[in-house]
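J.: Dumping the structure here so I can ask a few things about it.
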Amino acid sequence: MSFKEILPIAIAVLKDFRVIGTVLAMLFVISFANYIIRYKKKPPKPKVKKAKAAPAPKPEPKKEEGGENENGAEGE
C-alpha cells in the first residue's frame, strides 16, 4: 500500500467518534491520576494556646550577716 492509499483510511479512523471519545477519556483519567499522585494535603493550622501567666517568683527572705534578730535589734 502506498501513502496515498493509507492517508484516507488514517483520517477516517481519527475522525471516528469512538476514537475521539476514547482519547478524551484517556486524557481525563491520566490527568486525574496525576492530580492524585501530586496532591499534598495542607498542614493543619496550629492551634493558638493561651499561655498561662507564670506565677511570680516567691521572694526569699534575705538573711543578713550582722547578727540582727527578727525584730531588728542587734544581737547581744
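Just so you know, all these numbers are worked out from the coordinates, no wet-lab data involved. Because the structure is a prediction, the values reported are computed rather than measured.
J.: Starting from the Cα of LYS62, draw a straight line to each of the lysines and keep only those under 26 Å, dropping any in the same chain fewer than 8 residues away.
T.: Straight-line reach from LYS62, under 26 Å: no lysines qualify.
J.: Further question: Enumerate the calculated ³J(HN,Hα) couplings along segment 21-28 in order (Karplus 6.51 cos²θ - 1.76 cosθ + 1.60, θ = phi - 60°), each rounded to whole Hz, writing x wherever the residue is Gly or Pro.
T.: Values, residue by residue: x, 5, 5, 5, 5, 5, 4, 5 Hz.
J.: Take the Cα radius of gyration of segment 1-51 and divide it by 2.2 N^0.38 Å, with N its residue count; two decimals is plenty. Kindly include the intermediate steps, with their values, before the conclusion.
T.: Numbers: Rg = 24.1 Å, N = 51, 2.2 N^0.38 = 9.8 Å.
For segment 1-51, the normalised Cα radius of gyration is 2.46.
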